[in-house]
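To start, the structure itself, in structure tokens.
The values are calculated or read from the model by the stated rules, or taken from the named source; none is laboratory data. Predicted model only: the values in this text are computed from it and were never measured. FYI the Cβ positions are ideal-geometry reconstructions off the backbone, even for glycines, and counts take in every protein chain you see. Each accessible area value is taken on the protein alone, full model and side chains, heavy atoms only, with ligands, DNA and RNA left out. Shrake-Rupley method; radii C 1.70, N 1.55, O 1.52, S 1.80 Å.
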Amino acid sequence: MKKVLFLALCALLVVGCQEEKKEPVAVVPDQSALVDSLQQVIEGRDSEINETMTALNEIQEGFRLINEAENRVSLAKDGEGANKRQQLRENMQFIQQTMAKNRELINKLKKQLRESSVKGEQLNKTLEDLVAQLEQKDQEMQQLRSELDAKDIHIGQLDEKIANLNTDVENLQTETKQKTETINTQDKQLNTAWFVFGTKKELKEQRIVEDGKVLHANFNKNYFTKIDIRIDKEIKLYSKSAKLLTMHPSSSYTLAKDAKDQFVLRITNPQLFWSTSKYLVVLVK
């Protein structure tokens, strides 16, 4: 994991080092303000990198301490006596407290990365790995508690705290899932369009064409067929006569007949074709 953390920040640190190695430039009096401003930007960036690295190191140290405490619990849970039980309670409490601290640090780091000028795919991947590691530790914690319960060693005062911890981990997962779903929904909406083809009578009945105008009235949207513009690039019109009533750039499509002498609309540039309207109306006979 430390290797991943190193790679995540390596590129940023290299850039910083390269800037520090540049030869000093002679500064004329009227450039001093600009140099001061640039220096502040460099220092601010270095400060962000240092804060991020510090948070990552603290989180990793927390996981290391949790591993050690889990090992102590595993060794002590088969023992007998008041001292063993007290050791178990203390170690379980320590694990719970350290996991809570790690959770806070991860949330803090997420906030820092959202607001920081330091961006990078590897940093985001590292953060996802830390959330996954926290989830794994939560599962191990539940397993330990189940083993202790089986031996009638109850850490009652931790039950509520562990339940809260489970909720927080689930919230982290839910937040990530919701963001992914939002992105997918937005992407789907951006790539959705609707088309319809029909005779003049049919289009009038659905108020798609009214008084010589297209899509100006309260037309029947349910009469349209929904498509994904990334996938659906060919529309068979099943007619020997076809005319587009909605405006679409002529360079973005072809309207040609097939072997049955019926028209087929082929969209050669979907982004350009649908840029003027996400609704397509074709008049056929």
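Miscellaneous remarks
- Cut-off under 5 Å, modelled amide H: who pairs with S277 long-range: none
- Karplus-derived 3J(HN,Hα) values for the stretch 240-250, using 6.51 cos²θ - 1.76 cosθ + 1.60 with θ = phi - 60°, are 8, 9, 8, 9, 6, 9, 8, 7, 9, x, 4 Hz; glycine and proline are entered as x.
- Probing with 1.4 Å while keeping every protein chain in the model, the per residue accessible area of the stretch 198-272 equals 67 Å².
- Ordering of 91-98, 50-57, 231-238, 215-222 by packing [mean C-beta count within 10 Å, highest first]: 91-98, 50-57, 231-238, 215-222
- Our coupling estimate for the stretch 205-214, obtained by passing each phi through the Karplus curve with A = 6.51, B = -1.76, C = 1.60 and θ = phi - 60°, is 4, 8, 6, 6, 10, 8, 6, x, 9, 10 Hz, Gly and Pro reported as x.
- Amide H to amide H distances under 5 Å link V282 with V196, F197, G198, L245, where only residues 5 or more positions off or on other chains count and H is placed in the peptide plane.
- Under-5 Å amide H pairs with N220, H placed in peptide plane, nonlocal only: I208
- Accessible surface of the stretch 172-285 [probe 1.4 Å, protein heavy atoms]: carbon and sulfur percent: 49
- ³J(HN,Hα), Karplus 6.51/-1.76/1.60, whole Hz, each residue of the stretch 101-107, x for Gly, Pro: 5, 4, 4, 5, 5, 5, 4
- Centroid-to-centroid, using Cα positions, the stretch 51-77 and the stretch 212-267 are 62 Å apart.
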